[in-house]
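The values are calculated or read from the model by the stated rules, or taken from the named source; none is laboratory data. Nothing here was measured: the structure is a model prediction, and the numbers come from that model. Glycine gets a Cβ as well: all are built from the backbone with ideal geometry, and neighbour counts include every protein chain shown.
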Amino acid sequence: MPLTPDRCICLRKVEYSETSQILSLFGRAQGVVRLIAKGAHRTTKQGASKFGGGIDLLDIGQAVFTLDLERHLGTLTEWTLVEGHLTLRRNLRAMYLSQYAAELVGYLIQEHDPHPQLFDRFEQTMNDLASPRVEEAFLAFELDLLKETGYFPELAACTECGSMLSDREPTYFSSSRSGVVCRNCEGVVHDRAAIDPRLVRLTQSILKLPRVDGQTHRLPRLTRHQTDPINRLLADHIEHTLQKRLRLPAYVLENGK
Ligand SMILES: [Zn+2]
């Protein structure tokens, strides 16, 4: 079977038997792949282990793997750690947001569907999350991920009547409509929740910011007071669209889920 080299970010890992791991890796060229790392925890007589003692969530490495023809589960044959995010791992908030970003990438991107620009964005975002600009770095990545994968909700026009919403009128969001609802229509949309129109406008404005090498430039400083309601709205939207429960919002959002 041909060997495929790729730069990868570890999105998910499950310990498998005493010595092995099953990994979900986001490859820059290959997209999301599922691999078994046999003997990841087995050490040789010299004390060295095949994959440096195992691969951790969010680790970035240069991987070599084989993909079987049915492409169910490939085999990892080599792993050289490039970035273990030591700074990031010292900040609990940044850690949870990085893990949430990894969860979203794993849910929103299909296996074997390459997204090299998103890969670069994710790698840069983890660097940014190790800086004080945690909230805005995560939100900007989350918005790009939703745009790129086609899951971005409608935030400009009412999903019921089509009228454009201003940032001065009461605004509602409906997960079942995948977007905003105006005050004239909110009565007929049962799952709507009120959202501060200024936050809706803020979300739209982040997407319009200039880009430098694909990265959002001149991001405003944001606090959890601003990002929590947006992250919650987007989590509800994603869960409703995919019909799956996300695990990390319980750690990322105030008052859990
Ligand atoms: Zn309307």
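Does SER98 fit the bill of being among the polar types (S, T, N, Q), at pLDDT 95 or above, closer than 21 Å to HIS225 by Cα and not in a strand (DSSP E or B)?
Numbers: among the polar types (S, T, N, Q): yes; at pLDDT 95 or above: yes; closer than 21 Å to HIS225 by Cα: yes; not in a strand (DSSP E or B): yes.
So SER98 fits the description; yes.
The rows are residues; the columns are (1) over 25 Å from ARG12 (Cβ atoms); (2) of a type outside the set (D, E, K, R); (3) modelled with pLDDT of 95 or more.
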| position | (1), (2), (3) |
| --- | --- |
| ASP167 | yes, no, no |
| ASN184 | yes, yes, yes |
| GLY214 | no, yes, no |
| HIS217 | yes, yes, no |
| ASN231 | no, yes, yes |
| ARG247 | no, no, yes |
| ASN255 | yes, yes, no |
Top-ranked residue in region 81-130 [being farther than 20 Å from ARG211 by Cβ and of a type in the set (Asp, Glu); ranked as surrounded by the most Cβ atoms within 10 Å (Cβ to Cβ)]: GLU103
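Results for (1) among the small types (Gly, Ala, Ser); (2) free of Cβ contacts under 8 Å to residues at least 12 places away in the same chain; (3) surrounded by fewer than 20 Cβ atoms within 10 Å (Cβ to Cβ); (4) in contact with an Asp or Glu (Cβ under 9 Å, 6 or more places away or on another chain), shown as yes or no for each residue.
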{"position": "PRO197", "(1), (2), (3), (4)": "no, no, yes, yes"}
{"position": "LYS208", "(1), (2), (3), (4)": "no, yes, yes, no"}
{"position": "THR216", "(1), (2), (3), (4)": "no, no, no, yes"}
{"position": "PRO220", "(1), (2), (3), (4)": "no, no, yes, yes"}
{"position": "ASN231", "(1), (2), (3), (4)": "no, no, no, yes"}
{"position": "GLU239", "(1), (2), (3), (4)": "no, no, yes, no"}
